[in-house]
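Input: a single structure, listed below in structure tokens.
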Amino acid sequence: MLWLTSIDTKASTLPAVWLIPTSERPANLMERARLRHSVAGLVLDHQLGQPAATSEIGHDERGRPLLVGPAGRDLHLSLATRSGIVAVGLAERPIGVDVERVEQQTEPPLAVLHPTERDILLALPAAERPLAFAQLWSAKEAYVKALGTGFAHAPERFCVRFLAEGFFTVEDAGVRSIGLGAARLMKNGDQEDLAAAIVVLA
């Protein structure tokens with residue numbers, strides 16, 4: 001799995017995620033959607049070797065983004081926006097990508113976690129929980145995006161387990177394995193800490 005940070009960088013292999021910083025801070029869902037689509041279009045045009053403003057992004061019946069045309073229609077797409085960062089995930093199998101801000105001054109909402117995840121967070125010092133929660137939540141959201149369900153697939157129903165640094169797996173009864181997910185931390189300039197995750201279904 002490749003992590004890229006420039007619109008002009010072409011992925012040598014897929015899956016790949018572009019984490020593109022922008023100066024924009026969308027105020028509502030419509031503005032966030034516009035920013036996601038405009039940045040993703042630039043990434044896709046470059047990746048697919050197309051003229052500018054050629055890639056067309058649509059949505060399936062559940063709202064998951066998909067590449068309508070003209071090229072790459074057999075590829076899977078996932079998008080996310082947080083604090084001016086746009087994440088664009090591209091793969092040959094169903095993919096989910098997410099970015100979450102680390103809310104240092106907020107107590108994590110433990111009730112939305114799987115009991116095992118909750119126990120792990122509660123075992124941490126209170127100061128470490130916001131970062132751990134952001135990492136968990138970005139992985140959980142990337143997973144349900146890859147499934148195409150969103151959180152209609154309840155977040156407390158499945159368990160994210162972090163392995164070696166930068167990788168995780170998901171335990172979810174009755175759902176096919178994801179293999180490994182990948183995670184990373186970053187800063188938005190010198191300001192917020194952000195957690196990003198990518199999931200590709202096996």
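The values are calculated or read from the model by the stated rules, or taken from the named source; none is laboratory data. Small disclaimer: the values here were computed from a predicted structure and weren't measured. Counting neighbours? That spans all protein chains shown, and the Cβs are built from the backbone with ideal geometry, glycine included. Only protein heavy atoms, including side chains, enter the accessible area calculation; ligands, DNA and RNA are left aside. Shrake-Rupley method; radii C 1.70, N 1.55, O 1.52, S 1.80 Å.
Surrounded by 12 or more Cβ atoms within 10 Å (Cβ to Cβ), under 13 Å from the mean Cα position of the chain (by Cα) and free of Cβ contacts under 8 Å to residues at least 60 places away in the same chain: which single residue out of SER38, SER78, SER138 fits that description?
Details: SER38 fails: under 13 Å from the mean Cα position of the chain (by Cα); SER78 fails: free of Cβ contacts under 8 Å to residues at least 60 places away in the same chain.
Of the residues listed, the single one that is surrounded by 12 or more Cβ atoms within 10 Å (Cβ to Cβ), under 13 Å from the mean Cα position of the chain (by Cα) and free of Cβ contacts under 8 Å to residues at least 60 places away in the same chain is SER138.
Among the residues that make up segment 1-17, is at least one of them in contact (Cβ under 8 Å) with a residue 12 or more places away in the chain, open to solvent by 30 Å² or more (accessible area, probe 1.4 Å) and in contact with a Gly (Cβ under 6 Å, 6 or more places away or on another chain)?
no
Can you name every residue in segment 62-75 that is open to solvent by 60 Å² or more (accessible area, probe 1.4 Å), within 22 Å of ARG176 (Cα to Cα) and in a loop (DSSP other than H, G, I, E, B)? Even if it seems obvious, please write down each step before you answer.
In the first step, residues of segment 62-75 are kept if they are open to solvent by 60 Å² or more (accessible area, probe 1.4 Å); the result is 62, 64, 66, 70, 73-74.
Checking the rest, the ones that are also within 22 Å of ARG176 (Cα to Cα) come to 62, 64, 66, 74.
Once the filter is applied, which keeps residues that are open to solvent by 60 Å² or more (accessible area, probe 1.4 Å), within 22 Å of ARG176 (Cα to Cα) and in a loop (DSSP other than H, G, I, E, B), segment 62-75 yields ARG62, ARG64, ASP74.
ALA123 passes all but one of (1) out of contact with any Gly (no Cβ under 7 Å at 6 or more places or on another chain); (2) open to solvent by 50 Å² or more (accessible area, probe 1.4 Å); (3) in contact (Cβ under 8 Å) with a residue 12 or more places away in the chain; which number fails?
Condition not satisfied by ALA123: (3).
Please verify whether segment 104-111 includes one or more residues that are assigned to a helix (DSSP H, G or I) and either within 24 Å of PHE158 (Cβ to Cβ) or open to solvent by less than 20 Å² (accessible area, probe 1.4 Å) (or both).
Going residue by residue through segment 104-111, those that are assigned to a helix (DSSP H, G or I) are 110-111.
Now restrict to residues that are either within 24 Å of PHE158 (Cβ to Cβ) or open to solvent by less than 20 Å² (accessible area, probe 1.4 Å) (or both): 110-111.
Scanning segment 104-111, I find at least one residue that is assigned to a helix (DSSP H, G or I) and either within 24 Å of PHE158 (Cβ to Cβ) or open to solvent by less than 20 Å² (accessible area, probe 1.4 Å) (or both), so the answer is yes.
Taking the criterion of being open to solvent by 30 Å² or more (accessible area, probe 1.4 Å) and in contact (Cβ under 8 Å) with a residue 60 or more places away in the chain, would at least one residue in segment 46-60 satisfy it?
Scanning segment 46-60, I find at least one residue that is open to solvent by 30 Å² or more (accessible area, probe 1.4 Å) and in contact (Cβ under 8 Å) with a residue 60 or more places away in the chain, so the answer is yes.
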